[in-house]
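Step one of this worksheet: look at the structure below.
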Amino acid sequence: MKVGVVTFPGTLDDVDAQRAVRIAGHEVVALWHGDHDLQGVDAVILPGGFSYGDYLRCGAISRFAPIMTDVIAGAQQGLPVLGICNGFQILVEAHLLPGGLLRNDHRKFICRDQTLRIENSSTAWTSSFEQGQEIVVPLKNGEGQYVADADTLARLEGEGRVVARYVDVNPNGSLNDIAGITNERGNVVGLMPHPEHAVEALTGAGTDGLGFFTSLAGVLA
Amino acid sequence: MPRVVVDVMPKPEILDPQGKAVLGALPRLGFTGVSEVRQGKRFELEVPEVTDAVLADIEKLADTFLANTVIENYTVRVEQR
């Protein structure tokens, strides 16, 4: 599969995301925020970082980048899109996912190896996991507190659209311990923790993150 | 040149960690009697003239870009100078 990784001004984790894609056996296509061309990719990753310096709101300016028009149109047609950390923030700003992400409730940046439970293993990005599987991947964010109004939250829970939940500790005040969610179709996933940093034993908290990238193989199958 | 001001505030039901941090500092600075602080943003937009069309555009700008209405409220007003 060809997997596009978008670089915005201020993106940090695009290279790690590219590496994760390669290790998972896919071809990487580097996509530039200022282009209007998805170059025929089969899936898109919006990586982490501090695009546009987090000015205005995290993800608020990137959401209007030229390539986002194409990403949004693709997502609405079923193109798999994974937003990690700042990418998750861009997806909620683009209204591809509901709710919002606020500063952590304790107001400190957090960086730790975090246990997650995969709550929905039927999305384009989580089919390599078992339902209920617990994994450990790095978490690093300042604005990772997931919030949504009560109706939205009830709908997400009722429709099984919580993809991953924090286990043992809620690191940022997210409602219902939510670490990641998906859209109705299951092709768009937003995740606050960083699976792309856990794909090699040498450098990661392990290799638990790889499943997000190998899952894509099931999309075309 | 006329100025249009857009004020953006976190919705009342949304926790405002920045406001909480400011509130927490007040006693240390000797200020007492403040029971809550909410922190928002103020945008000052200079426009050649204020017309209904200009205000409608700014309303749209505020609604789609300056504020995220999932978590924030906004107001648009013309500043008299």
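Quick notes on this structure:
- Candidate set from the range B:1-21 (those that are of a type outside the set (Lys, Arg) and at pLDDT 95 or above); member that is most open to solvent (accessible area, probe 1.4 Å): B:Met9
- Filter result for the condition that a residue is under 17 Å from the mean Cα position of the chain (by Cα), within 12 Å of chain B (Cβ to nearest Cβ) and of a type in the set (Val, Ile, Thr), over A:Val147, A:Val81: A:Val147
A quick yes/no check of all residues on (1) in a loop (DSSP other than H, G, I, E, B); (2) surrounded by fewer than 24 Cβ atoms within 10 Å (Cβ to Cβ):
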| site | (1), (2) |
| --- | --- |
| A:Tyr52 | no, yes |
| A:Thr69 | no, yes |
| A:Ala73 | no, yes |
| A:Pro98 | yes, yes |
| A:Asp113 | no, yes |
| A:Thr126 | yes, no |
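- Of everything listed in (1) open to solvent by 10 Å² or more (accessible area, probe 1.4 Å); (2) out of contact with any Leu (no Cβ under 7 Å at 6 or more places or on another chain); (3) in a strand (DSSP E or B), the single unmet condition for A:Glu130 is (3).
- Enumeration of residues in the range A:75-96 that are part of a loop (DSSP other than H, G, I, E, B) and open to solvent by 20 Å² or more (accessible area, probe 1.4 Å): A:Gln77, A:Gly78, A:Leu79, A:His95, A:Leu96
- Scan of the range A:14-50 for residues that are open to solvent by less than 10 Å² (accessible area, probe 1.4 Å) and either in a loop (DSSP other than H, G, I, E, B) or at pLDDT below 95 (or both), ordered by number: A:Pro47, A:Gly48
- Taken together, A:Asn170, A:Asn176 contain a single residue that is closer than 14 Å to A:Leu116 by Cα and either of a type in the set (Asp, Glu) or in a helix (DSSP H, G or I) (or both), which is A:Asn176.
- Sole residue being in contact with a Pro (Cβ under 7 Å, 6 or more places away or on another chain) and within 14 Å of chain B (Cβ to nearest Cβ), chosen from A:Ile72, A:Ile90, A:Ile110, A:Ile61: A:Ile110
- Test: B:Lys60 is surrounded by fewer than 16 Cβ atoms within 10 Å (Cβ to Cβ), closer than 17 Å to A:Ala60 by Cα and within 12 Å of the chain's Cα centre (by Cα): no
- Here B:Lys11 clears all of (1) in contact (Cβ under 8 Å) with a residue 40 or more places away in the chain; (2) within 13 Å of chain A (Cβ to nearest Cβ); (3) over 25 Å from A:Ala148 (Cβ atoms) except the condition numbered (3).
The values are calculated or read from the model by the stated rules, or taken from the named source; none is laboratory data. Keep in mind it's a predicted model, so treat the numbers as computed, not measured. FYI the Cβ positions are ideal-geometry reconstructions off the backbone, even for glycines, and counts take in every protein chain you see. Heavy atoms of the whole protein, side chains included, go into the accessibility calculation; ligands, DNA and RNA do not. Shrake-Rupley method; radii C 1.70, N 1.55, O 1.52, S 1.80 Å.
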